[in-house]
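Below you'll find the structure, written out as structure tokens, and then a few comments.
The values are calculated or read from the model by the stated rules, or taken from the named source; none is laboratory data. Since the model is a prediction, treat every value here as computed from it, not as a measurement. Virtual Cβ from ideal backbone geometry, glycine too; neighbours counted across all protein chains shown. When the accessible area is computed, the model is the full protein with side chains, heavy atoms only, and any ligands, DNA or RNA have been set aside. Shrake-Rupley method; radii C 1.70, N 1.55, O 1.52, S 1.80 Å.
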Amino acid sequence: GAWNQTKFPGGIKPLVDRLHARGFRVGIYTSASERACGGNWGSHGHERADAAAFATWGIDWVKIDDCNYGTVSQLIENQRAISLAMQSSGRPMIIQMGGFVMPSLFNPHAQPRQDYTNQPDQAPWIWGPNISHMWYTGPDKGNEWASTLRNVMINNQGSFYARPGQWNFAGDLWCGTPQSNVPGVYMPNTMGETEERATYAMWVISAAPLMLVGMP
């Protein structure tokens, strides 16, 4: 339930209040495991404290990542724990879960990750609606046409499960994204305008949330 006092010396709630006053909604990131994908602390073991903090701060949307876990069963158990904590927090928040279907469900020649079993019930659109409003259906989408096709192919496997309030998330959109100006971070524009337009159209057809990537 603590925050980075170096980056946010005034606290999270005053920042959220300012954004709300300007008509924005505010999201935050955590992980269902002990460590998040970037190495920062996750919420495992502190689910209720973190959910209570998010509610107190006025958070509207929470992305719950899935790095650094053991088996799929452990992943789902961890995600259920933080989902229950958030639903009991007293504040309605959109819950976006990580945890995607393994490649072998759509590509029989792919090598499944060791911690997955080749069972359809591992697909996130099967267990995701019970614990979240939105769930990743594939890996992170990059700024490449190949990853666009990969993610939309996976996402379409679960297209019939999407409905109002429960969405398959096919990945962030790289449309109109400039190269990063952050030192040490190089994000080239590898998709042309036609590919970006086609990507956007496929996400609309798939009823996938339209989240644009923003780079400094």
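Taking every residue in region 147-170 that is farther than 23 Å from E195 by Cα and touching a residue at least 40 places away in the same chain (Cβ under 8 Å) and pairing it with any residue that is open to solvent by less than 70 Å² (accessible area, probe 1.4 Å) and aromatic (F, W, Y), at least 6 positions away or on another chain, the pairs with Cβ-Cβ distances below 7 Å are G158/W125.
Results for (1) over 30 Å from E77 (Cα atoms); (2) open to solvent by 60 Å² or more (accessible area, probe 1.4 Å); (3) at pLDDT 95 or above, shown as yes or no for each residue.
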| position | (1), (2), (3) |
| --- | --- |
| T6 | yes, yes, no |
| I12 | no, no, no |
| C37 | no, yes, no |
| N40 | no, yes, no |
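Picking from residues in region 121-135 that are at pLDDT below 90 and buried (at least 23 other Cβ atoms within 10 Å of the Cβ), the one that is nearest to D60 (Cα to Cα) is G128. Could you tell me whether any residue of region 199-211 is open to solvent by less than 20 Å² (accessible area, probe 1.4 Å) and at pLDDT below 85? No: region 199-211 contains no residue that is open to solvent by less than 20 Å² (accessible area, probe 1.4 Å) and at pLDDT below 85. When the residues of region 173-198 are filtered to those that are open to solvent by 50 Å² or more (accessible area, probe 1.4 Å), closer than 30 Å to I95 by Cβ and not β-branched (V, I, T), the one that is modelled with the highest pLDDT is G176. Considering each of A53, A36, A32 in turn, give the residue that is of a type outside the set (D, E) and in contact (Cβ under 8 Å) with a residue 60 or more places away in the chain. None of the others qualify; the one that does is A32.
Among the residues that make up region 48-64, is at least one of them open to solvent by 30 Å² or more (accessible area, probe 1.4 Å), farther than 18 Å from A123 by Cβ and in a loop (DSSP other than H, G, I, E, B)? Full working, then the answer.
Residues of region 48-64 open to solvent by 30 Å² or more (accessible area, probe 1.4 Å): 48-49, 52, 56, 61, 63.
Restricting the remaining residues to those that are farther than 18 Å from A123 by Cβ gives 48-49, 52, 56, 61, 63.
Going one step further and asking which of them are in a loop (DSSP other than H, G, I, E, B), we end up with none.
For region 48-64, residues open to solvent by 30 Å² or more (accessible area, probe 1.4 Å), farther than 18 Å from A123 by Cβ and in a loop (DSSP other than H, G, I, E, B): absent.
Only one of the numbered conditions (1) modelled with pLDDT of 85 or more; (2) surrounded by 15 or more Cβ atoms within 10 Å (Cβ to Cβ) is violated by V101, and that is (1).
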